[in-house]
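Worksheet: the structure to be examined is printed underneath.
FYI, it's all coordinate maths here, none of it is from the lab. If you're wondering where the values come from, they're calculated on a predicted model, not measured in any experiment. Here the Cβ positions follow ideal geometry from the backbone for every residue, glycine too, while neighbour counts run over all protein chains shown.
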Amino acid sequence: MNTPVPQGELLERIQRGLRMVTVPFPHLAGLVAAARVTLDDRLPTIGVFASGRLTANPDFVHRLKDNELVFVLAHEMLHLALRTHDRAKGSDHLEFNYAHDYIINDILRTELGMPVPANGLDMPGAREKSAEEIVLDMRRNKQGQSKTSVWNGSPASVQRVFGPGGSGGEGTVAGDVLDAVTEAELYPEEAKGAAARAKQVKELAAKALGLARAMGLAKGLRGTDPGAASQTVLALRGLYRTPWELALQRWIESVAPGDRTFSRASRRGAERTDVVLPGRRREGWILNVVLDTSGSMTDEIPRVLGTLAEFCDAVAVDQVRLVQCDAAVTRDELLGPHELAERRIEGYGGSDLSPALRHLAEDQHVRAVVVVTDGEIAYPAEPMPYQVLWLVPGPKAPAFNPSYGRVVSMLPR
């Protein structure tokens, strides 16, 4: 019979493990500092709340080796960084929890160079998929194999885990992403401040993901939550005169309404005195733009907005409908082309443009949409009821191969 380990020693061991998490993942330091550790045998293994409370079963922690404990703690901190709590809202809580578990464990297996401990959920290659894709795969393959819980689970079919009569559901102990209702039930004396702490953790998560991308540590980390940060960007105009402009120009012209007419001279030929080019007949044309405002787009947005402003001038766009989105639509506004030069950009959180694309699909007047993104996104699998041009700045465009629309690479000379 094992001698019980004093809780003080276990708490110190967990705190030491959290400090070790910041060695391979320095961008998680803010979240680690905000984490509050609680030992509680009412939980079978370990779980994390949106408030940053990390609750662990003492026996579970005691059985883990030091490197396994670091793996498990890093896993829970990545749930906070990826905002699994928020992203799971509106979907099956446990399904989304499992999807992120597969992604996180695949990342950690590679980064820490060790197998997934504690009989945890394991799906090689999951880091290359979005959580939405994994959820769909699980739903299609109901006879596939899963486990009855995130840690120390027994083998079971997907149907048993998530189907009728399974262990899925909001607040279930099978998952390690624990909701606010469960936290209030377990720790009612601290329930009043939980919402404020959750807001602080959300802001730290947005900073962690942005820092990860800046440090080149974000491979496989696809954000999934609406961001908490915002800033005013000054679009940089006139910086690009590159071959991809021709492709973008042709696409915009192909979707622009109205015939050419010599009653309105083209502004593209304004510098010429020996020839007059026909312009577009004005019909109140609105160009629809979806702007990816995830953390990885911070450096690209000013250049892209400046370039789009110039193109709008060239093809006589009257207004631009700019829909900002990270993992939720953060702003939908009509602007004059000149107003793109200085906009307040909101988000810098996750990377799911599905809400924006489906939002525009509900508008029967939308015929064409320019989507500005770095390609590290989730998007609807089904084609949209309008033409789509994916404008991808930087060198990542060749790797972005959506199933519909046209991709234009925004590469400088």
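The figures follow:
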{"quantity": "Stretchable slack from His62 to Asn119, in nm (0.36 nm times residue separation minus alpha-carbon distance)", "calculated": "19.0 nm"}
{"quantity": "Cross-link pairs beyond the 30 Å C-alpha cut-off, checked among Lys129/Lys202; Lys129/Lys207; Lys65/Lys142", "calculated": "Lys65/Lys142"}
{"quantity": "FRET E, pair Asp332, Ala196, Förster distance 25 Å, beta-carbon r, rounded to 0.05", "calculated": "0.30"}
{"quantity": "Cα pair distances of the range 70-119 binned at 10 Å [whole percent]", "calculated": "25, 54, 19, 1"}
{"quantity": "Kirkwood Rh and Cα Rg combined as Rg over Rh, evaluated for the range 7-221", "calculated": "0.93"}
{"quantity": "Label-point separation, Arg358 to Ser157 (7 Å along Cα→Cβ), nm", "calculated": "2.9"}
{"quantity": "Label point distance in nm, Ala180-Glu203, each placed 7 Å from Cα along Cα→Cβ", "calculated": "1.7"}
